[in-house]
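Structure record follows, encoded as structure tokens.
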């Protein structure tokens, strides 16, 4: 069994095509097909069902896929560790984040990281919190910036509290609450509301705040992006709860201070076990850029070298 065969299987599974997989791996299709056939012969089972119209991974292929990805990642980490031992950090760093992320200046952080480690290829993805935590757990994401309760993160992952974001209500400029000194969640629950979809950290945070106050609210509209949420509120379709930093960049609505809603806590999540040199370098940079803060000691953290 060879690493290139594992890479070919993963490529076919992810692209759903031998042709696209060959393009991704920079080989001719016949060579890729031959190597996968050799691997299937060695394993004594088919990894893919092929016909003239499509390629479908088998149950055996699904079982093979996870360990194959882990083996490829381990081989890449081995190469990166050797390079790091010689003083060069390289490889690929996969970062995940919620959106919006106001408490961390991510572009500035990435610029500083690239300046220090130009040999590292950085990828950035925006996902729901539950997806990011799962991806960190299965090592398809190195570091994620999330706003979930640390108790909801698996114990084998490291959780580091980075910052707190105060939340405010946003309303249309002509709304009766616009210009109010403050509004509480009981009063806010009387209004139709706009929120992010279930599975997002801020939605769970907001739901918990109303539940703790013992009031039910009506989420009339869900928006998967803050610009859309702002437009819906501006058109009078509901009020919303967002971070004060986010509201400051929403010119179409008015922000109103709100009581009874705890701050939204932003955290970094990563796996200390098996963290790549590129991931460890980002964690070190995060520590350096937070001097004198009251950050909690990371839960489950190990020494970062």
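The values are calculated or read from the model by the stated rules, or taken from the named source; none is laboratory data. From a predicted model like this one, the values you see are computed outputs, not experimental measurements. Virtual Cβ from ideal backbone geometry, glycine too; neighbours counted across all protein chains shown.
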Report summary line: In the set 261, 269, the lone residue that is assigned to a loop (DSSP other than H, G, I, E, B), touching a helix residue (DSSP H, G or I) at 6+ places or on another chain (Cβ under 7 Å), crowded, with 20+ Cβ neighbours inside 10 Å and modelled with pLDDT of 90 or more is 261
Report summary line: The residue from 189, 209, 220, 178 that alone is closer than 21 Å to residue 103 by Cα and touching a residue at least 24 places away in the same chain (Cβ under 8 Å) is 209
Query raised in the report: Which strands (runs of 3 or more DSSP E) does the stretch 156-253 wholly contain that include 3 or more residues that are closer than 30 Å to residue 138 by Cα?
Result: 158-165
Report task. Evaluate the stretch 16-36: report whether one residue or more is part of a strand (DSSP E or B) and either over 32 Å from the mean Cα position of the chain (by Cα) or in the same structural domain as residue 107 (by TED's automatic domain parsing) (or both). Result -> no
Requested in this report: For residues that are within 28 Å of residue 164 (Cα to Cα), in contact with a strand residue (DSSP E or B) (Cβ under 7 Å, 6 or more places away or on another chain) and in a loop (DSSP other than H, G, I, E, B), scanning just the stretch 81-126, find the one that is modelled with the highest pLDDT.
Outcome: 98
Query raised in the report: Could you say which residue among 49, 40 is part of a strand (DSSP E or B) and farther than 30 Å from residue 142 by Cα?
Result: 49
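Residues are listed down the side, and each one gets a yes or a no for (1) closer than 30 Å to residue 222 by Cβ; (2) modelled with pLDDT of 85 or more; (3) in the same structural domain as residue 15 (by TED's automatic domain parsing):
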{"position": "60", "(1), (2), (3)": "no, yes, yes"}
{"position": "66", "(1), (2), (3)": "no, yes, yes"}
{"position": "128", "(1), (2), (3)": "yes, yes, no"}
{"position": "147", "(1), (2), (3)": "yes, yes, no"}
{"position": "151", "(1), (2), (3)": "yes, no, no"}
Requested in this report: Assess whether residue 7 counts as being assigned to a helix (DSSP H, G or I), surrounded by 19 or more Cβ atoms within 10 Å (Cβ to Cβ), in contact with a strand residue (DSSP E or B) (Cβ under 6 Å, 6 or more places away or on another chain) and in contact (Cβ under 8 Å) with a residue 40 or more places away in the chain.
Outcome: no
